Amino acid sequence: MNKKLILSAIFLMVISFGFSQTKEELETQKAEKQAEADKYQAEADALQAQIDALPGWRIGAFGTIGGSLSNFSNWYAQGAPNNSSGNIGFTVNAFANLLEDKFFWRNSLNTNLNWVKLDNKDIDTDSGDFEPTTDVFNISSLYGRKLSKTWAVSGLMEYRTTILNNFNDPGYLDLGVGATWTPITNLVVVIHPLNYNFVFADDNTIFNSSLGAKIVADYTRQIGKINFKSNFSTFQSYEDGDLSNWTWINSFSYTLWKNFGVGFDFGLRSNKQEALNYQVNTLGNTDVTFDNVDNDLQSYYTIGISYNF
């Protein structure tokens, strides 16, 4: 009996030693392969950096899609037992940049659209259609002649509005000239002390065009599977601070499989003209003026499936 126990113990030790030895060998091989992969990846990144430095067009886009649909029938535990609901939204960030030795031409598009539906089938007063909620559309074009590696004289056209509701009411068109600073590859800072902010709207007692300064900071980068874009745009009116405004939009996406992944977008805005227009013309508060309007911070966010084009 003792001999059998001793032999069994020896046998188990041999198996364990053989397994651990095999595992260590596999881990060593994995480390060697990973070192080779890191070496080749570093070489590939260096080559990509050389490609990115060459003159020519850079074109790309990524976006986020989010949505859900549901239908309830005789679900008595809730207030509306018979209803159908849904939420559909998407964002698109696209760019087309021409970078040459003596000049550049940068074009970008950002749009965020969202529709919501809540149809209570037991009543006829609500809408059974998808109604637009989030409605953002921004497009810009920046041209510059280089003075040095990091500075250029430039001209900017930027237009922003809504396209699902109240198209071009209001709509903002900025046209200006000044300088552009590009301290690093992915950061573009526009400083235009001479800019005219054209405002298009039906109510010209609230919305007014004016002369002012335009500042834009845009950072766009791809790091491995991560796409990131942050854009801050502000107009500071020389005529009246009530006509100034700013918008900050951020977009992130992380690729999980092929071109699909998860995405997150959020935006912030401050615009006193829009706040006053909403309270006077939408809510009917005719006693509100620029002096007493509640200019609350505007915001939105979208989370969903992302796709890199």
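Okay, here's what the table says:
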item: Failed condition for Thr220, given (1) within 21 Å of Val190 (Cα to Cα); (2) hydroxyl-bearing (Ser, Thr, Tyr); (3) surrounded by fewer than 17 Cβ atoms within 10 Å (Cβ to Cβ); (4) within 15 Å of the chain's Cα centre (by Cα); result: (3)
item: Of residues in the range 254-274 being among the small types (Gly, Ala, Ser) and buried (at least 19 other Cβ atoms within 10 Å of the Cβ), the one farthest from Asn208 (Cα to Cα); result: Gly261
item: Identity of the residue in the range 117-147, β-branched (Val, Ile, Thr) and surrounded by fewer than 17 Cβ atoms within 10 Å (Cβ to Cβ), that ends up nearest to Ser299 (Cα to Cα); result: Thr133
item: Every residue from the range 270-309 that is at pLDDT 90 or above and under 30 Å from Gly224 (Cα atoms); result: Ser299
item: Residues satisfying the stated conditions in the range 174-220, i.e. within 19 Å of Leu147 (Cα to Cα) and not in a strand (DSSP E or B); result: Thr182, Pro183, Ile184, Thr185, Asn186
item: Neighbours by Cβ (under 9 Å, 6+ apart or cross-chain): first from the range 97-113, outside any strand (DSSP E or B); second surrounded by 17 or more Cβ atoms within 10 Å (Cβ to Cβ) and of a type in the set (Lys, Arg); result: Glu100/Lys146; Asp101/Lys146; Lys102/Lys146
item: Qualifying residue in the range 279-291 (condition: under 14 Å from the mean Cα position of the chain (by Cα), in the same structural domain as Gly212 (by TED's automatic domain parsing) and surrounded by fewer than 18 Cβ atoms within 10 Å (Cβ to Cβ)); result: no
item: Residue among Ser108, Ser209 that alone is small (Gly, Ala, Ser) and within 19 Å of the chain's Cα centre (by Cα); result: Ser108
item: Positions within the range 264-309 being hydrophobic (A, V, I, L, M, F, W, C) and part of a helix (DSSP H, G or I), in sequence order; result: Ala275, Leu276, Val280
item: From the options Ser233, Ser244, Ser251, residue that is surrounded by 17 or more Cβ atoms within 10 Å (Cβ to Cβ), farther than 22 Å from Pro170 by Cβ and out of contact with any Leu (no Cβ under 9 Å at 6 or more places or on another chain); result: Ser251
item: Of all residues in the range 66-88 being part of a strand (DSSP E or B) and in contact (Cβ under 8 Å) with a residue 24 or more places away in the chain, the one that is surrounded by the fewest Cβ atoms within 10 Å (Cβ to Cβ); result: Gly67
item: Unmet criterion (only one of (1) modelled with pLDDT under 95; (2) surrounded by fewer than 18 Cβ atoms within 10 Å (Cβ to Cβ); (3) farther than 26 Å from Thr282 by Cα) for Tyr196; result: (1)
item: Residue that is within 30 Å of Asp294 (Cβ to Cβ) and of a type in the set (Phe, Trp, Tyr), where the choices are Phe260, Phe200, Phe252, Phe228; result: Phe200
item: Residues within the range 61-116 that are more than 29 Å from Ser299 (Cβ to Cβ), of a type in the set (Phe, Trp, Tyr) and at pLDDT below 90, tallied; result: 3
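The values are calculated or read from the model by the stated rules, or taken from the named source; none is laboratory data. All figures in this text were calculated on a predicted structure; none of them were measured in a lab. Note that we place each Cβ from the backbone using ideal geometry, even for glycine, and neighbour counts take in every protein chain shown.
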